[in-house]
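Step one of this worksheet: look at the structure below.
The values are calculated or read from the model by the stated rules, or taken from the named source; none is laboratory data. Predicted, not measured: the structure shown is a model, and the values here were computed from it. When we count neighbours, we look across all protein chains shown, and the Cβ atoms used for this are built from the backbone with ideal geometry, even at glycine. In case anyone asks, the SASA skips ligands and DNA or RNA and just uses the protein heavy atoms, side chains included. Shrake-Rupley method; radii C 1.70, N 1.55, O 1.52, S 1.80 Å.
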Amino acid sequence: MRRVSCARVLPLALLLVTLAAVPADAGAGGAGAGAGVSAGAGAGAGASAVGTVDAVRGEAARAVRAHETARARVDRLRAADALPTKIKSAERRRKKIRADLWDMLWAAGRASGDPVAVNKSGRGGKCAFQSRSKKKSKSKSNAKTSPKAKAPKAPKAPKALKAPKALKAPKAKQDKAAAEKKARDTARSWTAPTRDYWLSAGYAASGARWAHRHTGQDFAVSTGTPVYAVGPGTVRATTCGDGFGNQVVVRHPDGYFTQYAHLSRIDVRAGKRVKAGQRLGLSGATGNVTGPHLHFEVRITPYLGSSVPPLPWLRRKDVRVVR
């Protein structure tokens, strides 16, 4: 777990105090709630605090843009088959930007009580996890009541004649074929986060529902609709109790995180490995919402304030979301 100096925690804590008041439906856009400053003797100090919050929010937004620029440069260098030293140098720069952003938002999350930073298992919030006790008890009762019947052994089939070994292709061709197969498999291993939806609030949407701008993509679905992992990865957090309601955060092999919020039920636990299309839970209207839907977000870190446009990110995975 990363640590940062106390000098950075105070302004970041101010940032997340503002962020925590944002309707969860607004996502993580590093947006403050725009909470009013009380008039009177504290008005000047309040204005100063708001200015600090805006400055830190701007710093996080600049880091997100810098990271995406650095990531695009790495992709271009790889596509151009550039020298490994150039690729490594560009990748080190991208990782440095990401690490600084991670430290910034982790400290702010801890200071404000963001459950992803404080209690990523969700147990403290008594989240609506799927109950497995009934399934286990049912299977045990069936095992006791059902008689054990041994099936008769099937006669052994005669051994088939061995076919002559095929000639092996040269190693270079094998490696190329394996790489192409891996690329095809990877392209097929990503999917949309739900089915039978229509797109409602999009990324960067503005309006009365959000203090600044929306930083996820909302999929309008009825309560109880299955929600799926968009790609392979590991469940980073399963939390509840804040404006996002019941949520799951998954880390993917490329280092990005996806968030699935406002669920009515969670079917996975933190630390579980998941495949593309595996069910994470059911959609709902938990948290701060105006109706049932799935709030889907893509982040550079698992924390509030590092989101990127989700639909272009999905398109890079060959996922076409129907508008």
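Worth pointing out:
- For residue 221, distant residues with modelled amide H under 5 Å away: 293, 294
- Per atom type, region 214-322 shows carbon and sulfur on 50% of its accessible surface, probed at 1.4 Å.
- With θ taken as phi - 60° and the Karplus curve 6.51 cos²θ - 1.76 cosθ + 1.60 applied, the whole-hertz 3J(HN,Hα) list for region 83-89 is 4, x, 5, 5, 5, 5, 5 Hz, x standing for glycine and proline.
- Burial order of peptide ranges 228-241, 278-291 (average beta-carbon count within 10 Å, highest first): 228-241, 278-291
- Set 96/126; 120/275; 171/275; 120/317; 171/272; 96/275 screened for pairs whose C-alpha atoms are more than 25 Å apart: 96/126; 171/275; 120/317; 171/272; 96/275
- Residue-normalised accessible area of region 249-323, given per residue in Å² at a 1.4 Å probe: 37 Å²
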